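> Next up is a structure, given as C-alpha cells.
Each reported figure results from applying straightforward, stated rules to the coordinates on display, with no laboratory input. Values in this document were obtained by computation on a predicted structure and should not be read as measured data. Every residue, glycine as well, gets a Cβ built from its backbone with ideal geometry; the counts of neighbours run over all protein chains shown.
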Amino acid sequence: MEVIKIEGGRPLKGTVRIDSAKNSTVALIPAAILADSSVILEGVPQIVDVEHLGMMIEQLNGKYEIDNDELTIDPTHLINTPLVEGAVNKLRASYYFMGALLGKFKEAVIGMPGGCYLGPRPIDLHLKGFEALGATITQEAGSIHLKAEKLTGAKIYLDFASVGATINIMLAAVKAEGMTVIENAAKEPEIIDLANLLNGMGANIKGAGTGEIRIQGVTELHGTRHAIIPDRIEAGTYITLAAVAGDEVKIDNIIPHHLEALIAKLREMGVDIEVHTDHVIVRGRKEMKAVDFKTSTYPGLATDLQQPLVTLLTQATGVGMVTDTIYSDRFKNCFELNKMGANIKVQGNSAIVQGPSKLSGARVKATDLRAGASLVIAGLIADGVTEIGNTYHIDRGYSNIEDKLNNIGAKVWREDVTE
Ligand code: EPZ
C-alpha cells in the first residue's frame, strides 16, 4: 500500500502556486462534448479525476489530448455510448455526463457515480430538473437511463442550492427549446466558470453566480478556448496550512474574492494574512484564538475547507466548534487527528475542538479527499513522522502535493508499505 510520510516541525517558507479548479474542470470536460468541434481548456490540473473523465470521453469515441496543461477535447465523432462501468464509478462528477449526453443526444445511460462518502449524497434534484425539461428516467442494474423525445425549457426550483444539480441542469438545458430558469441555483464560482465556457461555445446563459440562472436554448454549440479559474479549495487548504505551519508563505495564482469567508474567519483567529490582487501572504505559527466555524453554500464558508480548519483549531487556544450544514458525515478525519494527540469531540454534524494540542506523528488514514488534506496539515506540525494511508483520496484533488510542500521546506515523501 502506498503511503505519504511527513517529518513534522519544519517551518515553511516560500511560494505555492495554485492550480486550476478541480470542481470546475470536472464540469467543463463533460460540457465540452456539447460542442460540434474541438474545445480547448487551458490550465487543466494534473489530478486523477481528470484522467478518469478523459477515459469516459474516449469511451464515447471522443478525442482527448493533454499537452502540458492544455486539454483539447474533440467531440466531432462522438457516439452516444452507455457509461456504466470503469471510470464512471471512480468519481461523483461522472454524473455530469447525464446532463451533457441528454443535452446533446436526448439520451444517456450512466452508472451510479463514485466519489467521497460524506453522508447520503442523493441526486434527486438533478433528476427532478431533467424531468422538468422533458426527460423520462428509469433505473436498472445500478445505472440510470434518461431519454427525451424533446427537451423544452422549464422553470425549475431547487429545494437546495445544489452545485451538482445546478450544473447538470445547465448542461441539459443549453440546447433545449425555449427558456429555462433555475431558481435557488448554486452561486459557486465554478458555476460562473461553466457558464462562461458554454457562452463561449455559443450558449445564451445569464445570471450565473446569482440565485436565478436563465438559459435560452440554442440549436448548436461550437468549439472554443477557455482558461479555467484557480482552485479556491486548494488555495484555502494551503492558506490554512500556512497559518498552522508557515513562517511566511505566499499562495499565488488565486482569486482572493473567492476566499472572503475563510480570510475573515482566519483574521478573527488572529492569523496574519496579507491580501493582494492574485495572491496572499500568510505569516503563521503564531498564537491563535479559537473561533466557531459554520459551513454554508457560497459565498459562505466552503464545506470543503472545514476539515483543514479543524486541524487549524487544534493549534488555537480555547474551544472552537465546527458545524457542517452541507454534509452530515464529514468528520471522520477527527478520529485520525485524535490518534495524533488532538482533543476533538464529534457530535452529529459538529466537531468541538479543544486546543492547543501537541500533535505527534502516527499511522493515519485519509477517509476522503479533504480529510486527507487535514491530516497532511497535522503531519507538518506533529513531532516525528506521520504516515498517511489511502493516498488516492489526496491525489484526486491536490496535484503534486509533495513537490509543492517540499519546495517550501517541508519533508514529504511516498513509500510502499505492507498493509
Ligand atoms: C460539489 O458536490 C463539490 N464536488 C463538493 O466538493 C462540494 O463539497 C459540494 O459541491 C458543496 O460545495 C464537485 O464539484 C465535484 P451539492 P455536489 O449538490 O455537487 C444534497 C470536494 O471535496 N443534495 O451542492 O455533490 C447533498 O446530499 C467535493 O471537492 C441533495 O439532497 O454538492 C449534500 O448534502 C466533496 N440532492 C448537499 O446537497 C441532490 O440532488 C450538497 O450537495 C443533490 C445534492
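> For the chain, give the share of DSSP beta bridges that are antiparallel, in percent and rounded to the nearest 5; count only bridges with both residues there.
If I count the DSSP bridges inside the chain, around 70 percent turn out antiparallel.
> Could you run the Karplus curve 6.51 cos²θ - 1.76 cosθ + 1.60 with θ = phi - 60° over the range 86-93 and give me ³J(HN,Hα) per residue in whole Hz, x for Gly and Pro?
x, 4, 4, 8, 8, 8, 5, 5
> In addition: Between SER328 and GLU177, what is the label-to-label distance in nm when each label sits 7 Å out along the Cα-to-Cβ direction?
Placing both labels 7 Å beyond Cα along the Cβ direction yields 4.2 nm.
> Next up: Around ALA154, which amide H atoms from residues at least 5 apart in sequence, or from another chain, sit under 5 Å from its own amide H, with H modelled in the peptide plane?
THR180, VAL181
> Ordered by packing density, taken as the mean number of other Cβ atoms within 10 Å over each peptide's residues, highest first, how do 348-361, 141-154 rank?
348-361, 141-154
> Summing -39500 (n - 2.57) over the DSSP H runs of n ≥ 4 in the chain and dividing by its residue number, what mean residue ellipticity at 222 nm do you reach, to the nearest 500 deg cm²/dmol?
-9000 deg cm²/dmol
> Still on this model: To the nearest 20 debye, what charge dipole does the chain have about its Cα centre, counting +1 at the Cβ of each Lys and Arg and -1 at the Cβ of each Asp and Glu?
It works out to roughly 1000 debye.
> With angles folded into 0 to 90 degrees, how steeply does helix 369-381 sit against the dominant principal axis of the chain? Use alpha carbons for both and round to 10.
The two axes meet at around 20 degrees.
> Rounded to the nearest 0.05, what FRET efficiency do GLU274 and VAL319 give with R0 = 25 Å and r taken as the Cβ-Cβ distance? Could you check?
Once rounded, the FRET efficiency stands at 0.30.
> Now for a different question. Hey, if you put +1 on the Cβ of every Lys and Arg and -1 on every Asp and Glu Cβ in the chain, which of ILE40, VAL275, THR166 ends up farthest toward the positive end of that dipole?
So the residue furthest toward the plus end is VAL275.
> Given 0.36 nm per residue, what is the gain on full extension from LYS411 to GLU220 after removing their alpha carbon distance, in nm?
Full extension from LYS411 to GLU220 adds 63.6 nm.
> A follow-up question, please. Output ³J(HN,Hα) for the range 288-293: one whole-Hz value per residue in order, computed from phi by the Karplus curve 6.51 cos²θ - 1.76 cosθ + 1.60 with θ = phi - 60°, and x for Gly and Pro.
With coefficients 6.51, -1.76 and 1.60, one gets 10, 9, 5, 9, 8, 10 Hz.
> I've got another one for you. Step by step: find N for the chain, compute 2.2 N^0.38 Å, then divide the Cα radius of gyration by it. What's the final number?
In units of the globular-protein estimate, the chain measures up at 0.98.
> Per residue, how much space in cubic angstrom lies within the convex hull of the C-alpha atoms of the range 22-227?
With only Cα atoms used, the range 22-227 gives 100 Å³ per residue.
> Residues with amide H under 5 Å of THR317's amide H, sequence separation 5 or more or different chain, H placed in the peptide plane at 1.01 Å from N; which?
Placed amide hydrogens put MET288, LYS289, ALA290 under 5 Å from THR317.
> Assign one of three labels to the range 273-419, namely rounded, prolate or oblate, based on the Cα gyration tensor with a ≥ b ≥ c the square roots of its eigenvalues; rounded applies when a/c is under 1.5, prolate when it is not and a/b is larger than b/c, and oblate otherwise.
Rounded, because the longest to shortest axis ratio a/c is under 1.5.
> Next question. Extension gain ASN80-ASN343, at 0.36 nm per residue separation less the Cα-Cα distance, in nm?
Result: 89.5 nm gained on full extension.
> Would you please name the chymotrypsin sites (Phe, Trp or Tyr not before Pro) within the range 60-160 that are DSSP coil residues with at most 16 other C-beta atoms within 10 Å of their C-beta?
For chymotrypsin sites (Phe, Trp or Tyr not before Pro) across the range 60-160 that sit outside H, G, I, E and B with at most 16 neighbouring Cβ atoms in 10 Å, the list reads TYR117, PHE160.
> Among TYR327, GLY99, ILE182, flag the residue with its Cα farthest along the positive direction of the charge dipole of the chain, charges on Cβ as +1 for Lys/Arg and -1 for Asp/Glu.
Checked the options; the winner is TYR327.
> With springs only between Cα atoms under 10 Å, which of ASN68, ASN196, ASN253 fluctuates most in a Gaussian network model of the chain?
Highest fluctuation among the options: ASN68.
> Provide the per-residue ³J(HN,Hα) series for the range 155-163, in order, calculated from phi with Karplus coefficients 6.51, -1.76, 1.60 and θ = phi - 60°, each as a whole number of Hz, with x at glycine and proline positions.
Running phi through 6.51 cos²θ - 1.76 cosθ + 1.60 with θ = phi - 60° gives 9, 10, 9, 8, 4, 10, 6, 6, 4 Hz.
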